Each structure stands twice: as structure tokens, then as C-alpha cells.
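> Take a look at this one; I'll ask things after.
The values are calculated or read from the model by the stated rules, or taken from the named source; none is laboratory data. These numbers were taken from a predicted model, which means no experiment stands behind them. Note that each Cβ is placed from the backbone with ideal geometry, even for glycine, and that neighbours are counted across all protein chains shown.
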Amino acid sequence: MPVALNPSERRKVCLAGEPEVGKTSLLRRLAPQAAKTTAMPTMDATVTEWEVPVGRGPDRVEVWLTIWDVVGSPGPDELADGAYFFAAQGVLAVGDLTRPATIRALPTWIEAARRVAGSVPVVVLGNRADLPFAPGADEALTAIGQAFEAPIWRASARSGENVEAAARGLAEAIVASSSRRRPAVSELPDGRAHRRIP
Ligand SMILES: Nc1nc2c(ncn2[C@@H]2O[C@H](COP(=O)(O)OP(=O)(O)O)[C@@H](O)[C@H]2O)c(=O)[nH]1
Ligand SMILES: [Mg+2]
């Protein structure tokens with residue numbers, strides 16, 4: 001029987017990146033599997049729940065990600081001043097491969113998130129891989145991945161290519177980083193994989 005993370009151990013993941021890079025579109029790609037999306041009007045954020053199995057066989061765990069997305073066009077410092085990145089356990093940093101400036105902006109976003117949340121795992125996603133890359137975009141993506149020791153993905157919210165793989169990669173990195181700190185896995189007494197927190 002697969003083991004479950006304690007439901008109170010849902011993992012907060014924040015989308016980060018410039019406006020119009022496709023953050024919300026990427027979430028919609030995951031939405032068929034998402035439990036729900038909730039608007040947080042006082043926080044200029046939405047929260048989408050996405051349950052993802054991580055690992056195989058007896059090591060398999062069901063990870064419940066709560067993925068935060070920005071509403072409007074706040075900048076990284078503005079978000080870092082608020083509650084958006086607070087207690088985040090992972091960051092999905094998104095740039096647009098057709099607009100290299102949005103990729104070169106990602107260090108500022110990642111640093112803002114880590115200032116608040118600490119040195120949490122980051123996955124860097126170059127979106128719009130369905131279109132021809134702009135000159136320099138792919139090199140910028142690679143450089144940021146190296147600088148932050150973060151996996152990079154070329155993905156497309158339009159075609160769906162690599163979207164789930166990138167999100168799953170982040171879930172795996174979060175589980176790996178938390179299991180280094182403590183044994184977070186337990187089996188629920190009723191055998192169900194998950195229960196919602198009332
Ligand atoms: N061609 C293409 N267009 C995309 C892709 N992802 C998003 N878009 C378009 O880019 C625009 C901005 O997307 P949105 O998800 O609202 O960006 P956000 O501001 O980062 O949340 C929309 O018109 C999307 O349809 C993609 O992978 N490929
Ligand atoms: Mg959006």
C-alpha cells in the first residue's frame with residue numbers, strides 16, 4: 001500500500017516570474033488533476049492543489065502540492081514583502097523562451113523567494129517551447145540552472161510538453177530535501193491516501 005505524507009504536510013510551492021510568461025497557463029495544464037483552485041483576494045494570489053505520486057514501489061508517497069500563483073503583475077520585491085513566499089517549500093521559476101529578458105529576470109525572482117523562504121528547491125522552466133526560441137534565451141536558461149543548481153525544463157503550456165514532468169521534478173526535490181531533515185512519511189490509520197484538513 002502506498003504510504004502517505006501526513007495531510008498536514010502539504011507542500012507549498014510558489015510560481016515566480018515576470019507577467020505574461022505563462023505561469024497561469026502552466027497551472028491550467030495541471031488542472032485536470034488539481035483538486036481545486038481557490039482565489040485569495042486579500043493576497044492577490046490563487047492556490048491550486050495538485051496531488052502527485054512521487055517515487056516507486058514501497059518508496060512511493062502521495063505529495064499534495066499547494067501551488068501559489070500571482071494575480072496581477074506584482075514584482076519580486078513586492079511579493080517578498082508580503083505573505084506570498086512565506087513558508088514556501090519550493091519555487092517554480094518561469095521564463096519565456098521567446099523573450100530572453102524574462103529569463104534573465106529570474107535570478108531576482110529566485111533570490112526574492114529564497115530571502116523569505118530560505119534555500120528551498122527551485123526548478124527553472126522555460127515556457128513557450130512550442131515556438132522558436134529567441135537568440136540567447138536557451139543559453140540564459142542554462143546559465144540560471146547552473147547558477148542556482150536547479151534543474152531546467154523547456155516546456156510549453158500550449159502543447160503540454162514537459163509541464164507535468166517539471167512540476168513532478170519539483171515535488172521530488174521537495175520530498176528529498178525534507179526527508180533529509182526528518183522522516184515525514186507515515187501511513188494513515190484508515191488506509192486512505194489523504195484526508196483534507198477540515
Ligand atoms: N505559444 C504559447 N503561448 C503561451 C504559452 N503559455 C502561455 N501562453 C500565452 O501567453 C499569454 C500569457 O499567459 P499567462 O498564463 O496568463 O501568463 P502569466 O501572466 O505568467 O500567468 C496567454 O495569452 C497564453 O495563452 C505557451 O506555452 N506557448
Ligand atoms: Mg497569471
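> How many residues does the range 45-69 hold that are within 16 Å of ligand 2 (Cβ to nearest atom) and out of contact with any helix residue (DSSP H, G or I) (no Cβ under 7 Å at 6 or more places or on another chain)?
Residues meeting the conditions: 4.
> Another question about this same structure. Within the range 163-177, track down each residue that is buried (at least 18 other Cβ atoms within 10 Å of the Cβ) and either within 20 Å of ARG99 (Cα to Cα) or small (Gly, Ala, Ser) (or both).
Scanning the range 163-177 gives VAL163, ALA166, ALA167, GLY169, ALA171, ALA173.
> Taking the options ARG128, ARG99, name whichever one is under 17 Å from PRO19 (Cβ atoms) and in contact with a helix residue (DSSP H, G or I) (Cβ under 8 Å, 6 or more places away or on another chain).
ARG99
> Looking for whichever is buried (at least 24 other Cβ atoms within 10 Å of the Cβ), closer than 21 Å to PHE148 by Cβ, more than 15 Å from ligand 2 (Cβ to nearest atom) and aliphatic (A, V, I, L, M) here; the options are VAL91, VAL116. Which one fits?
When all the criteria are applied, what remains is VAL91.
> Can I ask one more? Got at least one residue in the range 82-91 being at pLDDT below 95, over 21 Å from ASN162 (Cβ atoms) and of a type in the set (Ser, Thr, Tyr)?
Taking every residue of the range 82-91 in turn, at least one turns out to be at pLDDT below 95, over 21 Å from ASN162 (Cβ atoms) and of a type in the set (Ser, Thr, Tyr).
> Moving to a separate point now. Provide a single number: the residues in the range 118-170 that are under 23 Å from LYS12 (Cα atoms), among the hydrophobic types (A, V, I, L, M, F, W, C) and part of a loop (DSSP other than H, G, I, E, B).
Number satisfying all stated conditions: 5.
> Just to be sure I understand the filter: pairs with C-beta atoms under 9 Å, separated by 6 or more residues or on different chains, first member in the range 54-71 and over 15 Å from GLY169 (Cβ atoms), second member aromatic (Phe, Trp, Tyr). Which pairs pass?
Here the result reads TRP64/TRP50; THR66/TRP50; TRP68/TYR84; TRP68/PHE85; VAL70/TYR84, each pair linking the range 54-71 to a residue that is aromatic (Phe, Trp, Tyr).
> Out of all the residues in the range 13-44, which are buried (at least 17 other Cβ atoms within 10 Å of the Cβ), of a type in the set (Lys, Arg) and either at pLDDT below 95 or over 17 Å from the mean Cα position of the chain (by Cα) (or both)?
ARG29
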